[in-house]
Every structure is written in structure tokens, then in C-alpha cells.
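Student: Once you've had a glance at the structure underneath, I'll fire off some questions.
Nothing in this text is a laboratory measurement; each read-out follows from the coordinates by a stated rule. The structure displayed is predicted, hence computed values, not measured ones. Cβ: placed from backbone, ideal geometry, glycine included. Neighbour counts: every protein chain shown.
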Amino acid sequence: MLRGVRGATTVTANNREEIFERVAELLTAMTSENTIDIEDIGAVIFSSTPDLNATFPAAGARRLGWVQVPLFGTQEIECPEALPLCVRVLILWNTDVRQQEIKHVYLHDAVILRQDIR
């Protein structure tokens with residue numbers, strides 16, 4: 001069965017190294033919290049707010065060694081109400097874990113996006 005694991009993080013500036021670090025931190029937390037084996041990942045979708053263009057967030061996953069995992073990145077629409085400097089992630093995970101048992105992860109300023117799961 002295919003399940004989605006959501007996550008998001010923010011950076012303090014449009015900085016390549018910080019984006020890499022925060023994406024690695026988020027992916028590590030998402031896989032750890034859900035005991036995800038990289039071999040069971042079908043694909044990962046990354047989105048970033050328009051104010052982030054110093055690098056592709058997916059490159060942070062490649063730095064973690066996710067070289068066989070299909071990665072896709074996109075830019076979010078410019079919305080006045082959006083959280084700035086934000087990277088969102090959707091891991092498509094092949095698992096038998098029930099949907100209500102999945103732990104979605106929101107770090108740094110992104111915690112405000114899902115206050116209902118904190």
C-alpha cells in the first residue's frame with residue numbers, strides 16, 4: 001500500500017547550505033519517526049516558496065545518499081498569506097502502516113502549519 005508522509009521546515013535565509021542542512025534534518029526526522037527504510041520510498045516531492053531559489057531542495061536528499069530515490073521539485077504559488085522561506089516534503093512510502101499511525105514532521109517555523117498534530 002502507498003502512504004504519504006508530510007513534512008515541512010523553514011530556513012532563515014535563501015542560503016544554499018542552510019537549505020541543504022534543513023532538508024537533511026527534515027528527511028532524517030521523517031524517516032526516523034516513521035521507521036522508513038529508504039528502499040520502501042516510491043518517490044519524494046519537494047515544494048518551496050518563491051523566495052527560495054539558491055538551490056533545489058531535492059539536492060539535500062542526494063547529499064544524504066538518496067541517489068536511487070525518484071525526487072521531484074516544484075515551486076509554490078506566491079501567496080501573501082504563505083509562510084516564507086519554507087520547504088515542504090511529501091514522501092510516498094510503500095508500507096502497511098495504517099494512515100492514522102503515520103507521524104508527519106514540521107520543524108522550525110513550519111510548526112505553525114500543522115498545530116493540530118503537535
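Student: Assign unit charges at the C-beta atoms only (+1 for Lys and Arg, -1 for Asp and Glu), then state the dipole size of the chain relative to its Cα centre in Debye, rounded to the nearest 20.
Tutor: Working: 11 positive and 16 negative charges, 23 e Å.
So the magnitude is around 100 debye.
Student: Put one equal scatterer on each alpha carbon of the range 69-118, apply the Debye formula with no solvent term, and list log10 I(q)/I(0) at q = 0.22, 0.24, 0.30 1/Å to two decimals.
Tutor: Normalising to I(0) and taking log10 leaves -1.05, -1.12, -1.24.
Student: Considering all alpha-carbon pairs of the chain, what whole percent are spaced by more than 25 angstrom?
Tutor: Numbers: 1233 of 6903 pairs.
For the chain, the share of Cα pairs beyond 25 Å comes to 18 percent.
Student: Next up: Can you give the helix-only mean residue ellipticity at 222 nm for the chain, where every DSSP H stretch with n ≥ 4 adds -39500 (n - 2.57) and the sum goes over all residues, rounded to the nearest 500 deg cm²/dmol? Before the final figure, lay out each step's value.
Tutor: Numbers: 2 runs with 25 residues, N = 118.
Mean residue ellipticity at 222 nm (helix-derived): -6500 deg cm²/dmol.
Student: Any idea what the relative contact order of the chain is, in percent, if you count C-alpha pairs under 8 Å spaced at least 6 apart?
Tutor: Details: 214 pairs, mean separation 52.0, N = 118.
Relative CO of the chain lands at 44 percent.
Student: Next question, about the same structure. How much length would be gained if the chain were fully extended between Ala82 and Arg62, taking 0.36 nm per residue of separation minus their Cα-Cα distance, in nm to one decimal?
Tutor: On the way: separation 20, 0.36 × 20 = 7.20 nm, distance 2.70 nm.
So the extension gain works out to 4.5 nm.
Student: So if the hydrodynamic radius of the range 1-68 is defined as the Kirkwood radius over C-alpha pairs, what does Stokes-Einstein give as its diffusion coefficient at 25 °C and 0.890 mPa s, in µm² per second? The partial results should precede the final answer.
Tutor: Numbers: Rh = 12.6 Å.
Result for D is 194 µm²/s.
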